[in-house]
Protein chains: 2
Amino acid sequence: MFTGLSAFPITPVTGDGIDEAAFERMVGRIAASGADSVGALGSTGGYAYLSRRERARAARLAVRSAGDVPVTVGVGALRTRDVLEHVEDAQEAGASAVLLAPLTYQPLNDDEVFGLYEDVAANLSVPLVVYDNPATTHVAFSDELHGRIAHLPGVASVKIPPVPADPGQARARVAGLRAALPAGVTIGVSGDAAGADGLLAGCEAWYSALAGVLPEVCLAVARAAAAGEAERARALSAELDPLWELFARYGSYRVVSAIAVELGRACEPNLPRPVRPLDGTGRRAVAAALDTIVRTSRSPAASSIRSA
Amino acid sequence: MFTGLSAFPITPVTGDGIDEAAFERMVGRIAASGADSVGALGSTGGYAYLSRRERARAARLAVRSAGDVPVTVGVGALRTRDVLEHVEDAQEAGASAVLLAPLTYQPLNDDEVFGLYEDVAANLSVPLVVYDNPATTHVAFSDELHGRIAHLPGVASVKIPPVPADPGQARARVAGLRAALPAGVTIGVSGDAAGADGLLAGCEAWYSALAGVLPEVCLAVARAAAAGEAERARALSAELDPLWELFARYGSYRVVSAIAVELGRACEPNLPRPVRPLDGTGRRAVAAALDTIVRTSRSPAASSIRSA
């Protein structure tokens, strides 16, 4: 389950809590699409903003709605004590793996980051995905730190930020990290605009936010890359450029939320404050980007965008 | 209460929760020292790592132990809903003011940061201190954003990161910000090495981490600055250089925790994981710095360091 396409849905929230029906439908859609795994409660799933109870509930709903498709559940929190509680809840919910980013308030040194993973690894009964996301955690993982952590028991995969756009640099980045990891630990790329580049540079997985709401178009990219069809994978990803541009401008979290609204899959607002939904200009840009893709794409998958 | 010296104690935690006796003694000491206010549950107080229940309890203990000295309570959290709960708890505990930093997981834009303060201001019955700390929140406040927020009802003070070391630049920094604030909103400096420089540059307050554990030596600096004795204030702060150097190397959070241990005021470890206490080298450096200060200081306040 640590290869191929892992799709990260939003966890839509309303004034009353999680919109459970919308969330279950979203996870069910991902499972039906043929994605290799579901990443519940990732950054896109807003885990950092939800209470323990909401997270435990969302984990249960995700596992139930995903059927046979394995579910990875995000367990990060600022305090180790809370992380361990989320691990316990995720395991009880039936998660196949947990995803852990080192959230920070006080900047952490490498020994503290390692110590967090060590404390968690000692309390795990499912595999762990190390989540390296400097944009949200402000932790700079060196390959050496990745190597130390990946040798802990249970570590199955490392989710990395975007690889460089240059293919040679991307391959070097992935090869350099791989040299630090034990055999069998996969590397998954995130930052969706770099999905195709990451897979073509040797990543075994694509941990995707867009796939949470548009799994089919992302699967088309991932399958082309897996088949070694580099040009086709890049072309399919390039068809999504209007969305990658909006991700860069507004953040994928807000854009994916707006896509869900645009396609009638979640109410608005569905993000937890202080995060706000896109304004009218942003919403119109999202609608226009989706229209452009549907109109210009040569991929059969694009038809899924506007289908109910 | 938004002028002079505000002392921010640690909230020592053990495996069982908050070390309440140690915390109450620490707050009592600050109140007895003559500090102008207590800043409970600041960054130094580890608020970001504590549960709602722990924070509500610490707020109550702080107010009780501070006696007549006003207490500001930190209410920050990643989600606005949680911030509002902490505000409610702080007010019920008898806090004289609340301190709010815009914690982030997803990077926030200016409108989202403003929206957070707007939501909180609408639910406040005590004054608010805006807490600008890019090292922990990764929010870059412009003067324009400070100005928008400071015009909300209830805003009483702005806690800013260190001013430049150059006196002219420091004055320009404070004057620039002040021009954006409504009359009556004070500016308080933090980053203890810049305490004297900030006060001498026109800040009305020093929000100090070191004062949480060594209030007397910080008060000596603050009183000299308030009396316009610039040279004396700078000299007294310079006597503390061995500690400022350790703050820069290890972070004030870990160093102040180690000072509390060194002086027998808290057990070790007293920081919430994933944060770890200083290692042996760091601990010895802290002990040596304290010894140097006691030995070389010409200030009567230095004698307080080693007194029970």
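The values are calculated or read from the model by the stated rules, or taken from the named source; none is laboratory data. Nothing here was measured: the structure is a model prediction, and the numbers come from that model. We place every Cβ from the backbone using ideal geometry, glycine too, and count neighbours over all the protein chains shown.
Would you be able to tell me the number of residues in segment B:1-44 that are free of Cβ contacts under 8 Å to residues at least 60 places away in the same chain, closer than 19 Å to B:A77 by Cβ and in a loop (DSSP other than H, G, I, E, B)?
Here the count works out to 2.
Restricting attention to segment A:240-257, does a residue exist that is surrounded by fewer than 17 Cβ atoms within 10 Å (Cβ to Cβ), of a type in the set (D, E) and either touching a residue at least 40 places away in the same chain (Cβ under 8 Å) or within 22 Å of A:L200 (Cα to Cα) (or both)?
yes
Given B:R55, B:R64, which one is farther than 29 Å from A:T137 by Cβ, in contact (Cβ under 8 Å) with a residue 12 or more places away in the chain and either part of a helix (DSSP H, G or I) or not hydroxyl-bearing (S, T, Y) (or both)?
B:R64
Going by the structure shown, is A:G94 closer than 30 Å to A:L200 by Cβ and not aliphatic (A, V, I, L, M)?
no
Go through B:R64, B:R55 for me and flag whichever is more than 15 Å from the chain's Cα centre (by Cα), farther than 30 Å from A:V255 by Cα, crowded, with 24+ Cβ neighbours inside 10 Å and modelled with pLDDT of 95 or more.
The conditions single out B:R55.
Among (1) within 14 Å of another protein chain (Cβ to nearest Cβ); (2) assigned to a helix (DSSP H, G or I), there is one condition A:Q91 misses while meeting the rest; what is its number?
Here A:Q91 clears every test but (1).
Only one of (1) under 20 Å from the mean Cα position of the chain (by Cα); (2) free of Cβ contacts under 8 Å to residues at least 60 places away in the same chain fails for A:Q169. Which number is that?
For A:Q169, the exception is condition (1).
Within segment A:258-270, track down each residue that is surrounded by 20 or more Cβ atoms within 10 Å (Cβ to Cβ) and touching a strand residue (DSSP E or B) at 6+ places or on another chain (Cβ under 7 Å).
A:N270, the sole residue that qualifies.
For segment A:21-34, does any single residue satisfy the condition of being of a type in the set (D, E), surrounded by fewer than 24 Cβ atoms within 10 Å (Cβ to Cβ) and modelled with pLDDT under 95?
no
Here are some conditions: (1) within 14 Å of chain B (Cβ to nearest Cβ); (2) surrounded by fewer than 24 Cβ atoms within 10 Å (Cβ to Cβ); (3) of a type in the set (A, V, I, L, M, F, W, C); (4) closer than 23 Å to A:V189 by Cα. A:V69 meets all but one. Which one does it not meet?
Only one criterion in (1) within 14 Å of chain B (Cβ to nearest Cβ); (2) surrounded by fewer than 24 Cβ atoms within 10 Å (Cβ to Cβ); (3) of a type in the set (A, V, I, L, M, F, W, C); (4) closer than 23 Å to A:V189 by Cα is unmet by A:V69, namely (1).
From the list A:V174, A:V139, A:V185, which one is in contact with an Asp or Glu (Cβ under 9 Å, 6 or more places away or on another chain) and crowded, with 19+ Cβ neighbours inside 10 Å?
After applying the criteria, what remains is A:V139.
When you scan segment B:297-308, do you find a residue that is under 17 Å from the mean Cα position of the chain (by Cα) and either over 30 Å from B:V158 (Cβ atoms) or of a type outside the set (S, T, N, Q) (or both), even just one?
Looking for residues that are under 17 Å from the mean Cα position of the chain (by Cα) and either over 30 Å from B:V158 (Cβ atoms) or of a type outside the set (S, T, N, Q) (or both), one finds none in segment B:297-308, hence no.
Looking at (1) outside any helix (DSSP H, G or I); (2) within 12 Å of chain A (Cβ to nearest Cβ); (3) not small (G, A, S), which one does B:E85 not meet, given that it meets all the others?
Just one mismatch for B:E85, condition (1).
Checking A:S43 against (1) within 14 Å of another protein chain (Cβ to nearest Cβ); (2) surrounded by fewer than 23 Cβ atoms within 10 Å (Cβ to Cβ); (3) at negative phi, which test does it fail?
(2)
Looking at segment B:67-82, which of its residues are in a helix (DSSP H, G or I) and either of a type in the set (D, E, K, R) or under 17 Å from the mean Cα position of the chain (by Cα) (or both)?
Selection gives B:R81, B:D82.
Give the residues of segment A:249-289 that are within 12 Å of chain B (Cβ to nearest Cβ), among the small types (G, A, S) and not in a helix (DSSP H, G or I), sorted by residue number.
A:G251
Would you confirm whether or not segment B:7-19 contains a residue that is away from chain A (no Cβ under 14 Å), on the phi < 0 side of the Ramachandran plot and over 18 Å from the mean Cα position of the chain (by Cα)?
Yes, some residue in segment B:7-19 is away from chain A (no Cβ under 14 Å), on the phi < 0 side of the Ramachandran plot and over 18 Å from the mean Cα position of the chain (by Cα).
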